Amino acid sequence: MDQKLIFRKTFIDGLLLIEPKVSNDERGSFYRLFCKEEFESFGINMDIKQINISFNKFRGTLRGLHYQSFPSTEAKVIRCCQGEIFDVAVDIRKNSKTYLSFFNVNLSSKNKLMLFVPNGFMHGFQTLTNNVYVEYYHSDFFVKELDTGIFYKDKALNIQWPLKVTNISERDKGFSVIDESFKGV
């Protein structure tokens, strides 16, 4: 198999950066976003059930931190296809060595990096430019009753968002913080 995707491990087990190999010629460029066979060769057996796009008008917009609880926890691949984001994944797997640790990376249309987020993580991002498109490939369907989150400025996580938050939903502002009642997934 001619591998077109490069998978890089992070310090959090299962959380991977994916870099496509870009082929350039006089016409422009070509690169692969997903190949089930390549994902499986790296131990990822992801059945894509839903693809979503988020458009964000303004720099400083924050979405998150979101997750779906059991039984609809979901793996996802995130990519920024226009603009740039500060992307964050938080490990909320109860029995993980890195429970409540987070990984952040800038994803952009220029660097073409993608983040594979396995089941058991919260996810959020902040836009670093105006007019940002973010694409998500999900392993499970959206279930409104199981969709929830944690407050983006939770002191237990201490995520240093790079910009002042200029736009955030009332729902995301209203999420609670992690306390002794938080069960993870």
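Amide H neighbours of LEU113 under 5 Å, at least 5 residues apart or on other chains, H built in the peptide plane: list them.
Counting only residues 5 or more places away or on other chains, the set is SER108.
Please give the length that would be gained between LYS21 and PHE42 if that part of the chain were fully extended, namely 0.36 nm times their separation in residues minus their C-alpha to C-alpha distance (nm, one decimal).
Going from the current span to full extension adds 6.0 nm.
Can you find, among ASN52, LEU107, THR166, the residue sitting farthest towards the positive end of the charge dipole of the chain, where Lys and Arg contribute +1 and Asp and Glu -1 at Cβ?
With unit charges placed on the Cβ atoms, the residue in question is THR166.
Sort 62-72, 164-174, 93-103 by the packing proxy (mean of other Cβ within 10 Å over each peptide's residues), most packed first.
My ranking of the peptides, most packed first, is 62-72, 93-103, 164-174.
Taking 0.36 nm per residue of sequence separation and subtracting the Cα-Cα distance, how much length would be gained by fully extending the chain between PHE11 and THR148, in nm to one decimal?
46.8 nm
Test of understanding: extend the Cα→C-beta vector of CYS81 to 7 Å, then name every residue of the stretch 95-135 with backbone N under 20 Å from that spot.
Flagged as within label range: 106-117, 124-135.
Which lysines have a Cα lying under 20 Å from the Cα of LYS164, excluding residues fewer than 8 positions away in the same chain?
Straight-distance partners of LYS164: LYS57, LYS153, LYS155, LYS173.
Given a Förster radius of 25 Å and the C-beta distance between SER101 and ILE51 as r, what FRET efficiency does 1/(1 + (r/R0)^6) yield to the nearest 0.05?
0.35
Could you sort the peptides 127-137, 74-84 by per-residue average Cβ neighbour count (10 Å cutoff), highest mean leading?
Order by mean packing, descending: 74-84, 127-137.
Provide MET122, MET46, MET114 in ascending order of the number of other Cβ atoms located within 10 Å of each residue's Cβ, fewest first.
MET46, MET114, MET122
Taking K and R as +1 and D and E as -1, what net charge do the other residues with C-beta under 9 Å from the C-beta of PHE141 add up to?
Result for the neighbourhood of PHE141: -1.
Values in this text are rule-based calculations from the coordinates and carry no lab data. As the structure is a computational prediction, the values presented were derived from the model and not from experiment. Because the Cβ atoms are built from the backbone with ideal geometry, glycine has one as well, and the counts that use them run over all protein chains shown.
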